[in-house]
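To start, the structure under review is shown below, and the notes come after it.
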């Protein structure tokens, strides 16, 4: 693909819920960003960069989980899942945020597909409020 072909943009329509676009507009106003197209391009680039790890063999990083510890037996289920995936878990830290909410930060390293399975199993748990990962591809030293 030539440089000229790379610079040609593609227009497309996107449905966004009203409250989401209103929040976006507030943040843009407060941050001085004036162009939604540029903002969306930047957000898409960030999404792509943050998800390249999926196609890598080995990755390292952290997984942060916010959850309501009063929902069912989520503490036990999170512990059981961690035991199932102990081959990729380096360490974990439990933080009490308030009376109902806890944060679990888990350091991981290993096969990207195994880490994806771990993320999927956590996301399925009832009581999780947010699952955020920060993963980087590990370069093989051969």
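Computed values, structure above
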quantity	calculated
Complete set of residues in segment 95-138 that are in contact with a helix residue (DSSP H, G or I) (Cβ under 9 Å, 6 or more places away or on another chain), under 12 Å from residue 68 (Cα atoms) and not in a loop (DSSP other than H, G, I, E, B)	102, 104, 128
Residues satisfying the stated conditions in segment 93-116, i.e. surrounded by fewer than 14 Cβ atoms within 10 Å (Cβ to Cβ) and touching a residue at least 24 places away in the same chain (Cβ under 8 Å)	97, 100
Residue selected from segment 48-75 under the condition assigned to a strand (DSSP E or B) and farther than 18 Å from residue 127 by Cα, by the criterion modelled with the highest pLDDT	62
Single residue of segment 117-135 satisfying the filter (loosely packed, with under 14 Cβ neighbours inside 10 Å and touching a strand residue (DSSP E or B) at 6+ places or on another chain (Cβ under 8 Å)) that is farthest from residue 51 (Cα to Cα)	129
Yes/no for residue 78 being touching a helix residue (DSSP H, G or I) at 6+ places or on another chain (Cβ under 9 Å), part of a strand (DSSP E or B) and free of Cβ contacts under 8 Å to residues at least 60 places away in the same chain	no
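The values are calculated or read from the model by the stated rules, or taken from the named source; none is laboratory data. Note that this is a predicted model, so its numbers are computed, not measured. In this analysis, Cβ positions are derived from the backbone assuming ideal geometry, glycine residues included, and neighbour counts consider all displayed protein chains.
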